[in-house]
Amino acid sequence: MRPLSAMLNTRLKLESGAAGDENRSTVPVAGSNLVVRAADSRPFTETEREFLREVFDLIRLAEESDARLRAFEDRIGKLESENLDLLMQNRALSEISARDALTGLYNRWYVMEKIDSEMNRALRHGAPMSLLMVDLDHFKRVNDSFGHMVGDQVLKHVGQVLRESCRVYDVPGRYGGEEFCIILPETRVGNTTAVAERIRSRLASTEIPVGDKSVVVTASIGVAGMDSVAEEGVVSAAALLDRADRALYSAKHHGRNRVELWLPEVPPQNSTSH
């Protein structure tokens, strides 16, 4: 019998075909239609044949394991892709659910959550933030005179003005009916009044086409904010909203189409019509 080392030093040849048990000069390669043959065509001993079978079995198992690993990696890749698609779809649905269908601004529920989260962030970091409450003046007259379709057109126009007047990280929203709200993170109250005045002026100077006529709407705007927790004493989103609403009431009370900043002496809102 040749030593295994000598057999391994012999050049082996792979060939297509099948090897019968009586054919001692070839050994089948498991899992394939190949056989191995000694280059010198000498027959293999039983020990050599058994050794080659074990080697081929190990090779086959390694290939099968590698194939399973590749299949597993492919499946992981597909799952990651599916999860990413699902995440993007969920984000898109979340964005849709947070928007007001008519104006495209954020809806009241999103605005309320955002006020609360921005308020908490401002309290944690001692950062300023401001809030605008915007209410259209005599909007009921628009609906009564021109109909609700024109009223909707006016609201869309207001939404566009608010979007174009905001920075990318500001949060403009429709608070309800003809009332709007804008959250301005990292903004001191003194800087917010200029933003509010720009919005008020643009609305008052823009004619909205309605058939062969046009409509002009004005807005009253209340401004409140927090430059410093220690100085301002605002500790909740509800308190900030109340201040902005009182400032809005003051703007209505003093003639409409104006901007008012919250002051401690501004009285609570009563039943005066918007």
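At a glance:
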item	result
Residue that is modelled with pLDDT under 90, open to solvent by 50 Å² or more (accessible area, probe 1.4 Å) and over 34 Å from the mean Cα position of the chain (by Cα), where the choices are 207, 265	265
Segment 186-196, residues that are of a type outside the set (S, T, N, Q) and open to solvent by 10 Å² or more (accessible area, probe 1.4 Å)	186, 188, 189, 190, 194, 195
Selection within segment 80-105 - in a loop (DSSP other than H, G, I, E, B) and either in contact with a Phe, Trp or Tyr (Cβ under 6 Å, 6 or more places away or on another chain) or among the hydrophobic types (A, V, I, L, M, F, W, C) (or both)	98, 101, 102, 105
Leading residue by the ranking (farthest from residue 218 (Cα to Cα)) among those in segment 120-145 that are in a helix (DSSP H, G or I) and touching a strand residue (DSSP E or B) at 6+ places or on another chain (Cβ under 7 Å)	122
Test result for residue 60, open to solvent by 90 Å² or more (accessible area, probe 1.4 Å) and either assigned to a helix (DSSP H, G or I) or touching a helix residue (DSSP H, G or I) at 6+ places or on another chain (Cβ under 7 Å) (or both)	no
Selection count, segment 68-114, where residues are within 16 Å of the chain's Cα centre (by Cα) and among the basic types (Lys, Arg)	3
Set 90, 107, 143: member being of a type in the set (S, T, N, Q) and surrounded by fewer than 14 Cβ atoms within 10 Å (Cβ to Cβ)	90
Residue match in segment 158-167 (condition: open to solvent by 50 Å² or more (accessible area, probe 1.4 Å), in contact (Cβ under 8 Å) with a residue 24 or more places away in the chain and within 26 Å of residue 125 (Cβ to Cβ))	no
Yes/no for residue 178 being in contact (Cβ under 8 Å) with a residue 24 or more places away in the chain, open to solvent by 30 Å² or more (accessible area, probe 1.4 Å), out of contact with any Lys or Arg (no Cβ under 8 Å at 6 or more places or on another chain) and under 13 Å from residue 203 (Cβ atoms)	yes
Residues being charged (D, E, K, R) and in contact with a Ser or Thr (Cβ under 6 Å, 6 or more places away or on another chain) - total across segment 165-197	1
All positions within segment 242-262 that are open to solvent by less than 30 Å² (accessible area, probe 1.4 Å) and either over 10 Å from residue 220 (Cα atoms) or among the basic types (Lys, Arg) (or both)	244, 252
Cross-chain or 6+ apart pairs with Cβ under 8 Å, segment 132-149 first and on the phi < 0 side of the Ramachandran plot, then open to solvent by 10 Å² or more (accessible area, probe 1.4 Å) and of a type in the set (Asp, Glu)	133/179; 133/245; 134/179; 135/178; 135/179; 136/178; 136/179; 139/178
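The values are calculated or read from the model by the stated rules, or taken from the named source; none is laboratory data. Owing to the predicted nature of the structure, the values given are computational and were not obtained by experimental measurement. Glycine also receives a Cβ, built like all others from the backbone with ideal geometry; neighbour counts cover every protein chain displayed. Ligands, DNA and RNA are stripped out before the accessible areas are found, and what is left, the full protein with its side chains, is counted by its heavy atoms. Shrake-Rupley method; radii C 1.70, N 1.55, O 1.52, S 1.80 Å.
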